[in-house]
Amino acid sequence: MTSFGIGAPVKRREDGRLLRGDGRFADDFNAAGQAWAAFVRSPHAHADVLGIDDAHARAVAGVLDVFTGHDLVAGGVGAIPTLIAERGAGMRSRDGSPFADPTWYPLALDRVRHAGEPVAVVIAETPAAAEDGTAAVAVRYGVRPAVVDGIGALRDGAPQLHDGVAANRVYDWECGDAEATARAIATAAHVTRLTVVDNRLVTCFLEPRAALAAWDAAAGRYVLHASLQSVHALAANLARILGVPTERVRCITGDVGGGFGSKIQPYPEYAALAWAARRTGRPLKWVSSRSEGFLSDAQSRDHVLTGELALDADGRIVALRVHSVSNVGAYVAPCIPVSTLSNMERMISGLYAIPAIHLRVEGVLTNTVPINVYRGVGRIECVYTVERLVERAARETGRDRAALRRANMMSAFPYRSATGAVYDSGDYVARLDEALALGDVAGFAARRAESERRGTLRGLGIGPYVEGTGGVPQEYAEVRVWPDGSVEVPIGAQSQGQGHETVFAQVVAERLGVPFESVSIVMGDTDRVAKGVGTFASRSMVRAGNAAAEATDAVIAKGRAMAAHLLEAAAADVEYRDGAFGVVGTDRTVGLFDVARAAVDGKLPGALGTTLGAATMHENPAFAFANGCQVCEVEVDPETGAVAIVALSMVDDSGRSVNPMIVHGQQHGALAQGIGQALMEACVYDDDGQLLSGSFMDYAIPRAADLPSITVESRDVPSPTNALGVKGAGEGGTVGAPGAVIHAILDALAPLGVTHVDMPATPERVWQAIQRARSH
């Protein structure tokens with residue numbers, strides 16, 4: 001290992017810029033002559049749009065124009081696409097019917113289906129004038145009944161959101177073997193049954209959404225600057241909405257203040273802004289307020305999962321059956337349901353060797369903000385449900401909870417699960433035992449006794465986790481070597497704080513044997529990066545890192561042929577080492593950058609090219625399964641229900657760590673988000689579809705004081721599925737923390753007879769559970 005290569009804890013090169021305030025985020029992009037946009041949003045969750053009167057808005061000083069959904073449709077703007085027709089083309093409901101795909105326009109036409117849905121856009125000279133204009137737009141609504149929970153939306157008589165979508169059901173999908181699972185459950189020695197809630201979350205990325213759109217008349221194309229996770233995906237989707245070829249849309253993103261999956265989709269505002277920019281002939285800018293984001297940014301999670309776990313007389317798991325009702329919101333957002341269902345199919349086993357599995361998921365429309373992917377999508381639903389079932393099964397059968405897990409964990413790899421997923425590598429039992437040691441489980445009894453003396457209840461929870469990482473199996477990278485001693489790497493990934501400028505440079509610098517400082521990473525511009533998929537699904541190093549490695553190897557191969565010409569040797573006799581090509585058995589060498597100079601200066605035959613560079617679209621259908629275990633200790637005040645996490649330990653296997661320091665940072669951040677879901681985050685609507693948790697006054701996210709000192713250790717088992725041996729590191733903490741935290745709370749409350757609490761385990765909810773137990 002070099003001081004900068006793979007495995008080195010190199011400091012993040014982007015941090016200096018960001019800490020100085022020199023980052024460039026979406027709100028930092030401006031254009032000469034730009035105007036401003038603001039959106040008129042529905043105050044109702046479900047209503048007919050009976051008429052829009054914009055006369056008073058047009059009279060507001062500074063207002064330039066007002067556009068409605070009908071204006072956009074008349075101008076050729078189409079519906080927001082989903083990925084069903086592409087990635088999910090083969091997915092069908094249980095009865096063989098295609099998934100429902102209700103039409104979703106950037107601005108509502110004749111009906112609104114969630115509070116905050118945009119119905120018009122006001123264009124003005126200043127932000128204040130645009131906001132004043134929206135207040136002056138008069139919209140007449142015919143209010144309809146609303147439904148906000150998935151189970152309620154399936155009931156007879158529930159309000160129907162979309163014509164042609166019977167019972168509000170988008171899909172009724174299944175995987176596994178229903179008959180074999182039913183037989184195993186019917187004959188099992190013990191069956192544990194449990195219903196858990198995967199609570200709806202607000203995504204809460206650090207940087208609110210913003211966009212600057214323009215029509216480049218000279219080039220005949222749209223240009224959009226925004227805070228994105230994939231410029232190429234947005235360009236393709238915007239082109240489809242706007243009715244133009246993809247090459248007529250350029251998308252650019254700079255630094256991105258968090259995304260977590262929710263900045264992938266083509267939001268309604270982007271399409272409306274781009275079309276209006278062309279219509280008005282001026283660049284248009286829109287910046288979301290945080291309150292506006294609560295009503296318009298994709299939300300996440302929102303499953304109710306009922307599971308059955310069957311054991312034989314020896315404590316072996318023989319079957320698992322899970323039925324989930326997934327609230328997808330008012331529309332089917334891009335990436336949903338394909339990402340959710342494919343991940344659930346892949347990881348419904350959790351970490352366990354279960355011979356018979358049946359999973360059924362119903363996707364349901366409600367009058368809430370559409371759901372989209374979020375850190376751990378599809379993974380947490382599976383791992384949390386299975387771990388809660390295993391934990392309860394241990395208590396119901398009187399078995400040690402760690403021993404029950406050990407006896408059933410996958411142990412021989414590769415392992416093909418009952419739903420067809422191939423788990424690549426790991427040592428799940430070792431990670432469990434290491435986590436128990438790291439968390440000092442042996443000393444827990446003494447700590448519990450000390451807590452009891454102080455009048456608090458202490459509990460310990462175990463949270464094993466696994467996540468299939470990689471997502472879409474392709475990614476693009478290019479490596480260009482220049483005569484000035486620099487190496488440029490355009491890559492399809494997009495950083496949202498993960499340290500891409502550092503880790504991708506480490507991969508390329510080590511492989512080329514050149515100074516780390518000489519390698520620069522190019523991201524976030526469809527003009528500068530030819531292709532790309534983007535960053536989500538713990539895929540950056542698994543896909544883009546391997547793409548960069550492949551492109552680097554291709555550059556070396558190309559350079560070898562060039563160097564052979566310059567050295568007057570056969571290419572087979574030329575080797576590459578430490579930044580130079582040399583003829584084997586001689587002292588004749590030529591440096592990498594000298595070869596690049598010779599190419600640029602035209603000193604090589606035309607067939608060898610005039611630049612030293614290579615590109616690849618890496619493709620690998622295999623997934624890498626990151627895994628590990630968390631041990632959480634809590635104290636509960638039985639008089640108030642307040643929960644304090646006093647210790648949290650995590651042993652993680654994310655494959656070969658390119659930069660251990662960055663991996664640990666990812667793990668800490670992921671843990672914080674998982675703890676937030678477990679203890680405090682809850683997106684709440686009233687029965688009329690009004691968002692009650694519409695600001696940070698009403699929606700809690702973890703603060704520093706809410707988090708313990710976290711101890712993380714890595715035990716990396718290289719993945720055999722890719723050349724770098726990496727597994728994703730970004731989501732394991734989020735996937736494992738909810739189970740670890742809730743198990744610790746239940747362990748603390750077990751002496752009182754409490755057997756269940758749902759997320760988020762707020763003080764009120766914990767206190768109520770205690771009171772119910774005391775009253776029995």
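With Cβ to Cβ distances under 12 Å as the rule, what net charge do the other residues near VAL223 carry (K, R +1; D, E -1)?
Net charge in that neighbourhood comes out at +1.
If you line up the Cα atoms of segment 703-776 on their principal axes, what length do they span on each, largest first, in Å?
Computed over segment 703-776, the largest-to-smallest principal extents equal 59, 27, 17 Å.
Provide THR721, THR586 ordered by accessible surface of protein heavy atoms (probe 1.4 Å), highest first.
Largest accessible area first, the residues go THR586, THR721.
Using only Cα atoms, figure out Rg for segment 34-183 and give it as a multiple of 2.2 N^0.38 Å.
That ratio works out to 1.35.
State, as an integer percentage, the relative contact order of the chain based on alpha-carbon contacts under 8 Å between residues 6 or more apart.
Relative contact order for the chain comes out at 15 percent.
Once the Cα gyration tensor of segment 518-653 is found, what semi-axes does its equivalent ellipsoid get, as square roots of 5 times the eigenvalues, in whole Å, sorted largest first?
Taking √(5λ) for each eigenvalue gives 50, 18, 13 Å, largest first.
Does anything in segment 692-717 have its amide N under 13 Å from the 7 Å Cα→Cβ label point of ARG447, and if so which residues?
The answer is 708-711.
Starting from 0.36 nm per residue, how many nanometres of slack lie between ALA32 and ARG588 once their C-alpha separation is accounted for?
Result for the pair: 194.6 nm of gain on full extension.
Kirkwood Rh, the chain, all Cα pairs: how many Å?
27.7 Å
Label ALA182 and ARG20 with points 7 Å out from Cα along Cα→Cβ: what is the distance between them in nm?
Modelled inter-label distance: 6.7 nm.
Over segment 185-333, what is the mean sequence separation of C-alpha contacts under 8 Å (at least six apart), divided by residue count, expressed as relative contact order in percent?
36 percent
Considering only protein heavy atoms and a probe of 1.4 Å, how much of the accessible area of the chain is carbon and sulfur, as a whole percent?
52 percent
Output the antiparallel fraction of DSSP beta bridges having both residues in the chain, as a percent to the nearest 5.
Counting DSSP beta bridges with both partners in the chain, the antiparallel share is about 80 percent.
In units of 2.2 N^0.38 Å, what is the alpha-carbon radius of gyration of segment 590-713?
The reported ratio for this selection is 1.88.
With r defined as the distance between the Cβ atoms of ARG416 and THR755 and R0 fixed at 60 Å, what FRET efficiency is calculated, to the nearest 0.05?
0.95
Heavy atoms only, probe 1.4 angstrom, no DNA, RNA or ligands counted: give me ASP427, ASP255 ranked by accessible area, highest first.
If we order ASP427, ASP255 from most to least accessible, we get ASP427, ASP255.
On each of the three principal axes of the Cα atoms of segment 104-179, give max minus min coordinate, whole Å, ordered largest first.
In descending order, the Cα extents are 65, 28, 20 Å.
Antiparallel DSSP bridges in segment 273-408: what percent, to the nearest 5?
Restricted to segment 273-408, the bridges split so that about 45 percent are antiparallel.
Suppose all protein chains stay in the model; what accessible area per residue would a 1.4 Å probe give for segment 662-776, in Å²?
39 Å²
Multiply the residue gap between ALA572 and ALA167 by 0.36 nm, knock off their C-alpha separation, and tell me the result in nm, one decimal place.
Roughly 139.1 nm would be gained on extension.
Note down the accessible area of VAL584, probe 1.4 Å, to the nearest 10 Å².
My reading of the accessible area for VAL584 is about 90 Å².
Accessible area per residue for segment 168-271 in Å², computed with a 1.4 Å probe and the full protein assembly in place, what is it?
About 31 Å² of surface per residue is accessible.
Based on the mean of other beta carbon atoms within 10 Å per residue, what is the order of 504-513, 265-274, 537-546, most packed first?
Final packing ranking: 537-546, 265-274, 504-513.
Over the heavy atoms of SER339, what accessible area does a 1.4 Å probe trace out, to the nearest 10 Å²?
The value for SER339 is about 10 Å².
When the dipole is taken about the Cα centre of the chain, and only Lys, Arg (+1) and Asp, Glu (-1) are charged at their Cβ, what size is it in debye, to the nearest 20?
Value, rounded to 20: 420 debye.
Find how many whole Å separate the alpha carbon centroid of segment 220-261 from the alpha carbon centroid of segment 481-544.
Cα centroid of segment 481-544 versus Cα centroid of segment 220-261: 19 Å apart.
With the alpha-carbon atoms as the only input, what is the per residue convex hull volume for segment 187-249 in Å³?
181 Å³
If you take all C-alpha pairs in segment 427-585, what percent of them are over 22 Å apart?
Summing the P(r) tail past 22 Å for segment 427-585 gives 59 percent.
Counting every Cα pair in segment 315-419, what percent are over 25 Å apart?
Tail of the P(r) past 25 Å holds 28 percent of the pairs.
The values are calculated or read from the model by the stated rules, or taken from the named source; none is laboratory data. Keep in mind that what you see is a predicted model, and the values were worked out from it rather than measured. Glycine gets a Cβ as well: all are built from the backbone with ideal geometry, and neighbour counts include every protein chain shown. Areas reflect the complete protein model, heavy atoms only, side chains present, ligands, DNA and RNA absent. Shrake-Rupley method; radii C 1.70, N 1.55, O 1.52, S 1.80 Å.
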